[in-house]
Each structure stands twice: as C-alpha cells, then as structure tokens.
Amino acid sequence: MGLTRRRLLQAAGWFVFGMVASGGYAFGLEPFSLRVKRYNLTPAGWPYGLRLRIAALADVHACRPWMDADRIRAIAEQANGLEPDLIVLLGDYTAGHRWVTGQVQAHEWSAALSGLRARLGVYAILGNHDWWQDRTAQKAGKGPVFSRLALEDAGIPVLENDAVRIENAGSPFWIAGLGDQLAFRVRRNGHTRFRGVDDLPGTLASVTDSAPVILLAHEPDIFPQVPGRVALTLSGHTHGGQIRLFGYSPVVPSRYGNRYAYGHINETGIRVAGIAGSIGTAPRHLIVSGGLGCSIVPMRVGVPPEITVVNLGA
C-alpha cells in the first residue's frame, strides 16, 4: 500500500514538474527563440530562369519584454544576412495581448524595421491588429491607421489592394498586397462581427500584364478565392496556432481550422465569380508563416518564431 502511495506521489510530483517546466518553456524560452524556415518551389507557369528569394516577416506584435525594438532590429539584421532578393512584411506590427511590461510605440518598431535591406525592395501589408489597435480608425470607419503611417515614415511602402511591378534581371513579376479581411470590429446585439477592407478583384485588376503575381494577404482565409493567375500567396495571422504538436494546432484563428494553420498548402484552383483566371486545375500555392510574436497569450510550443524564406524557381 505504501509503495503504491509512493508511486502515486512520485507520479504527481513528475506531473507538476512537467507542467511547470513546459509552462516555463512555453512562456520563457520558445517565444524568445528564432529559426529560419525555408521553402523551395516552382509554381506552374513560373518563368524559366526567374529565381527569386523572398524573406517574409509576419506578426511582429511589438511589446516588452517579448518583442522590443532591439529584438526587432536584430531580427531585421538576420533577415538581411540571408541575402533575400525581396523582403515582405505580412502585417500585425502592434501588440496582440496584454501580458506586457511596456509598450513599443509605432515609431520605435518602424525604426527597427527601417534597417531591412533587399536589392528588389521591402514591401508591407497591414494586419487585423494594426486596425484594431487604432481607436481613431475604428471610430471613423476608415484609415490610414498609425501602423501604415509609421511604416511609410520609415521608408517602407504599404500595399493595400494594389500591386507593384518589379523587374528582376529582365524578368518581371508583381507583388500584390490585399487589404485586411478583419479590419473593423462591429458590435451589434451583443455579438462582434468583422468588416474587412479587402478587395481581391480590385487588387488583381492592378496587374496589367501576364507576369507572375505574388499575393500578400495577412489572413490566409482568402485563399479559396485566389485564382490560378496568382503564382503564390503569402500569409501570416495564425502564428501556426502558437501550439502545434505532430502537425496539429488545437486552436487556429481561421474559419478553416488546421487547413490553413501553417506551412506550405497546395490546392487545386476553383471557379470564383468575377475574377479572371479563376477556372482551372493547376495547383495553387499558399505559404503561411509561423510569424514572430504572440497574440492572446505570449506562449509558443512546437512552432517557434521564424523568418520565412521562399526560394522560387530554385
């Protein structure tokens, strides 16, 4: 009897130790780590000889102590060291939780990001928290939000439902940036609904030739509507669920659950009314970055902060 009790006490002790240790790892270690996650792909119809390395930074969620200006600056320097042809910022620069010891103001995190360098440029889109944290924009029902102004003051162009054509050694391609799909929180009858500022048909209408298109969309939920005309969609927002074990995330901020939680997703094109090139069977590519910061609670397990690198035409 005593032996059984002793074993039960030992098991209880190990359980408590495991909970404390895993909690310390989830809150105190993994959120402060950083890895480089690489993908190599050649989308259907990608021009022969067009090689492109893209470094993507998503979901910075600047705040102290988790993501202060010094850490953001160090991440930017590491991204530069990867020698990308292009750097894209996928939204959510402001804090996404209240577990902070201090705020990092927009002029601080934007100054840290201003050091990003790539030979074909640095481009940004906005995320839902960039809209939600701007009370003036929420009240007025329109932007520009302070995150956009801060990025532009730092010399980083922001794409909202528009596109820019870029030449790479004589081979053109387009970077298209979608407006955020959850920009406004509308409270009615005790329920919160969301209204976006996204315009996918209008964004793609900015593309005026047949050069390949890379779409930046903060939330990946737009992907079922993205036509085969788009070679690659890059998204953030989900943080990989922040807890991801054995390829599964128990909680994902997406109406599609784990379908678009993290990583490289390859799906066949579908019919989308009103969007040219929407009919076909060619595979379409989405890459969802695990991001850098945290939302709701500052913890990560199994999906550490990352710089996402995509080698196209490799």
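The values are calculated or read from the model by the stated rules, or taken from the named source; none is laboratory data. Given the structure is predicted, the values throughout are model-derived calculations rather than measurements. Glycine also receives a Cβ, built like all others from the backbone with ideal geometry; neighbour counts cover every protein chain displayed.
For the reader, a short list of remarks on this structure follows.
- Subset of segment 114-156 (residues that are in contact with a Lys or Arg (Cβ under 8 Å, 6 or more places away or on another chain) and either free of Cβ contacts under 8 Å to residues at least 60 places away in the same chain or among the basic types (Lys, Arg) (or both)): Gly115, Asp130, Trp132, Gln138
- Test: residue in segment 34-50 that is buried (at least 22 other Cβ atoms within 10 Å of the Cβ) and outside any loop (DSSP other than H, G, I, E, B): no
Here is a yes/no grid of residues against (1) under 18 Å from Asp162 (Cα atoms); (2) in contact with a Gly (Cβ under 7 Å, 6 or more places away or on another chain):
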{"residue": "Asn189", "(1), (2)": "no, no"}
{"residue": "Val197", "(1), (2)": "yes, yes"}
{"residue": "Ser206", "(1), (2)": "yes, no"}
{"residue": "Leu215", "(1), (2)": "yes, no"}
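- Some residue of segment 143-160 being assigned to a strand (DSSP E or B), under 30 Å from Gly49 (Cβ atoms) and in contact with a strand residue (DSSP E or B) (Cβ under 7 Å, 6 or more places away or on another chain): no
- Leading residue by the ranking (farthest from Gln105 (Cα to Cα)) among those in segment 129-163 that are surrounded by fewer than 20 Cβ atoms within 10 Å (Cβ to Cβ) and in contact with a Phe, Trp or Tyr (Cβ under 7 Å, 6 or more places away or on another chain): Gly141
- Residues of segment 266-314 that turn out to be at pLDDT 70 or above, touching a strand residue (DSSP E or B) at 6+ places or on another chain (Cβ under 9 Å) and in a loop (DSSP other than H, G, I, E, B), as a count: 15
- Hey, Tyr260 surrounded by fewer than 17 Cβ atoms within 10 Å (Cβ to Cβ), of a type in the set (Ser, Thr, Tyr), under 18 Å from the mean Cα position of the chain (by Cα) and at pLDDT 95 or above or not: no
- Residue among Ser254, Ser210 that is over 22 Å from Phe32 (Cβ atoms) and either assigned to a helix (DSSP H, G or I) or under 16 Å from the mean Cα position of the chain (by Cα) (or both): Ser254
- Of the residues making up segment 225-240, those that are among the aliphatic types (A, V, I, L, M) and within 10 Å of Pro212 (Cα to Cα) are Val230, Ala231, Leu232.
- Here His97 clears all of (1) farther than 15 Å from His129 by Cβ; (2) in contact (Cβ under 8 Å) with a residue 60 or more places away in the chain; (3) surrounded by fewer than 17 Cβ atoms within 10 Å (Cβ to Cβ); (4) not hydrophobic (A, V, I, L, M, F, W, C) except the condition numbered (1).
- Flag for Asp221 being among the acidic types (Asp, Glu) and out of contact with any Ser or Thr (no Cβ under 9 Å at 6 or more places or on another chain): no
- Residues of segment 194-207 that turn out to be small (Gly, Ala, Ser) and part of a helix (DSSP H, G or I), as a count: 2
- Qualifying positions in segment 240-251 - in a loop (DSSP other than H, G, I, E, B) and among the small types (Gly, Ala, Ser): Gly247, Ser249
- Meets criteria (farther than 22 Å from Asp130 by Cβ and basic (Lys, Arg)) for Arg193: no
- Filter pass, Arg71 being in a helix (DSSP H, G or I) and basic (Lys, Arg): yes
- All positions within segment 216-239 that are outside any strand (DSSP E or B), among the hydrophobic types (A, V, I, L, M, F, W, C) and surrounded by 24 or more Cβ atoms within 10 Å (Cβ to Cβ): Ala217, Val226
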